[in-house]
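What follows is one structure encoded as structure tokens, with my remarks underneath.
The values are calculated or read from the model by the stated rules, or taken from the named source; none is laboratory data. What you see is a predicted model; the values in this text were computed from it and never measured. Cβ sites come from the backbone with ideal geometry, for glycine too, and all protein chains shown count toward neighbours.
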Amino acid sequence: MAKLAVVVLADTETHADLGRVVNALEVAKDFKEAGDEVVIIFDGAGTRWVPVLDNPEHRRHPLWLEVKDKVEGVCSYCSAAFGAKEQVQATGIKLLSDFDDHPSIRNLIVNGYQVITF
């Protein structure tokens, strides 16, 4: 069984950014459906995606719902730095602050996860 951590860093500003987050969610869905361990983390500007995708009006909301249970969380520091912290908290997704108020990528590696970024 594979163990994968998908880290979303893409911002919400361009069509290319949308493409990256959709690819990230599709990869997570592929691993989830195969029965592998998969977690999704939103970091950097990617923290802005959580409230966007959680909006039922967004065209990628159905895909979001398919993998939302695999979202490990959102960088606490970056969500504040990019102005998304309150909106993220409103979605109920966990804020991660394992290492200097950021998620610990090292912990993922130590626990056997391969990490890919989008």
Residue 91 being within 21 Å of residue 20 (Cβ to Cβ), hydroxyl-bearing (Ser, Thr, Tyr) and out of contact with any helix residue (DSSP H, G or I) (no Cβ under 7 Å at 6 or more places or on another chain):
no
Matching residues, the stretch 69-108, being touching a Phe, Trp or Tyr at 6+ places or on another chain (Cβ under 8 Å), within 23 Å of residue 30 (Cβ to Cβ) and not aliphatic (A, V, I, L, M):
73
So which residues in the stretch 45-75 are crowded, with 20+ Cβ neighbours inside 10 Å and small (Gly, Ala, Ser)?
46, 73
Looking for something over 11 Å from the mean Cα position of the chain (by Cα), hydrophobic (A, V, I, L, M, F, W, C), farther than 19 Å from residue 4 by Cβ and part of a strand (DSSP E or B) - is there at least one such residue anywhere in the stretch 58-80?
no
Please count how many residues of the stretch 1-34 are part of a loop (DSSP other than H, G, I, E, B), charged (D, E, K, R) and over 14 Å from the mean Cα position of the chain (by Cα).
1
All positions within the stretch 82-107 that are free of Cβ contacts under 8 Å to residues at least 60 places away in the same chain, assigned to a helix (DSSP H, G or I), farther than 14 Å from residue 49 by Cα and not charged (D, E, K, R)
107
Checking the condition within 11 Å of the chain's Cα centre (by Cα), at pLDDT 95 or above and under 16 Å from residue 6 (Cα atoms), which residue from 93, 105 passes?
93
Residue match in the stretch 53-70 (condition: of a type in the set (Phe, Trp, Tyr), in contact with a Leu (Cβ under 9 Å, 6 or more places away or on another chain), in contact (Cβ under 8 Å) with a residue 12 or more places away in the chain and farther than 21 Å from residue 14 by Cβ)
no
Could you figure out which of (1) in contact (Cβ under 8 Å) with a residue 40 or more places away in the chain; (2) more than 21 Å from residue 2 (Cα to Cα); (3) surrounded by fewer than 18 Cβ atoms within 10 Å (Cβ to Cβ) isn't true of residue 112?
(2)
